[in-house]
């Protein structure tokens, strides 16, 4: 069995006063995640456990209960009355960051040992723990409820207490037949969105070689992604290699010309000052425009490839199997 996963993004409509509550919730989430990262650094043996066991161990070290009224590193010193699901989401976020950090650290140490064994100097910089935490808050079950498709109830930190807030949502609806995972509270510009990961279990597709050789009526849609005048060249052919139809998808010159003009504007702006601030994105609006153009072109090209394959498929009863040179990524 295979799993298909994608994300549904829904914009939130809320009062202006609630924007500060969203920001406070995300700030608290990152503070709790940073706290648990420090706990993991103080007790690195936790990483030898599974995620479920590590979560229990970290809660035992930090959470006040009747059985353990005096934990070693109490979370209450940072924040009071943190909901259990909010705390566990932050713990899992900290565990993921800690496992990544220590994996990179072990890899760097191994590289350093190999370099010193050869009498050379290690030129790679060692990895460092996160200096700033800016993760999107994950809302586990109990932090959100009553998702109707147009409204949803969210449990937010107001800065003084936890409060349920009903907000309107807009965007793509959650499809049927998919399992909804915990949403992420994400800030786009100055507006807050909910990102819903959804998942569906399906039969694992057979290998391309098996699909191609399973029957003589199977046709292949081979796609070549270019970087010149044509963004893509699609060819429908039989298993034996006989070409049935070909489609040239143009627009490459226009795309590259537009990107070149925007890149030129960025270069001219840089020459005016000659200084690029460290850690800050220069010409953010122009770079965002270039990314938007690339994203839009990728969607248009992939849509035209699908339309071409469907049109040829409708003319016959055979199946069309896609074949790309490396990966299914229709980016120019």
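Every number in this text was worked out from the coordinates using simple rules, so none of it is lab data. The structure presented is a predicted model; accordingly, all values stated were derived computationally and were not measured. Using ideal geometry, Cβ is built from the backbone for each residue, glycine included, and neighbour counts are taken over all protein chains shown.
Some observations on this one:
- Placing one equal scatterer on every Cα of segment 193-324 and applying the Debye formula, the log10 ratio I(q)/I(0) at q = 0.10, 0.13, 0.15 Å⁻¹ is -0.54, -0.76, -0.88.
- Most fluctuating residue given options 209, 284, 137, as computed from a GNM of the chain linking Cα atoms under 10 Å: 284
- Nearest-ten-degree value, helix 51-62 long axis tilted from longest Cα axis of the chain: 30
- Förster-model FRET efficiency, 35 Å R0, residue 267 and residue 303, C-beta, rounded to 0.05: 0.60
- Full extension of the chain between residue 17 and residue 153 gives 47.3 nm of extra length, using 0.36 nm per residue less the Cα-Cα distance.
- Between the helical axis of 84-117 and the longest alpha-carbon principal axis of the chain there is an angle of about 70 degrees.
- Taking only alpha carbon atoms, segment 62-151 gives an Rg to Rh ratio of 1.19, where Rh is the Kirkwood radius.
- Average Cα contact separation per residue, segment 107-237, under 8 Å, 6 or more apart, as relative contact order %: 13
- Cα Rg over Rh - segment 1-95, Kirkwood: 1.07
- Degrees between helix 284-314 axis and first principal axis of the chain (Cα, 0 to 90, nearest 10): 50
- Mean projected area of the convex hull spanned by the Cα atoms of segment 178-232, taken over all viewing directions: 8.2 nm².
- Contact order, relative form, for the chain: 19 percent (alpha carbon pairs under 8 Å, 6 or more residues apart, mean separation divided by residue count).
- By other beta-carbon atoms within 10 Å, ranking 35, 29 with the fewest at the front produces 35, 29.
- Per residue, the chain reaches -13500 deg cm²/dmol at 222 nm when only DSSP H runs of four or more residues are counted, each adding -39500 (n - 2.57).
- Considering only the chain, percent of DSSP beta bridges that pair antiparallel, nearest 5: 90
- Shape parameters for segment 2-201, alpha-carbon atoms, Rg then Dmax in Å: 19.8, 65
- Cα-based shape type of segment 112-242, given that a ≥ b ≥ c are square roots of the gyration tensor eigenvalues and the cut on a/c is 1.5: oblate
- Fewest-first ordering of 235, 246 by other beta carbons within 10 Å of each residue's beta carbon gives 246, 235.
- Residue 240 paired with residue 52, simple spin-label distance in nm, labels 7 Å along Cα-to-beta-carbon: 5.6
- Each principal axis of the Cα cloud of segment 209-287 was taken in turn, and the coordinate range along them, longest first, works out to 64, 26, 15 Å.
- According to the calculation over all Cα-Cα pairs in segment 89-134, the P(r) per 5 Å bin from zero is 5, 21, 22, 18, 13, 9, 7, 4, 1, 0 %.
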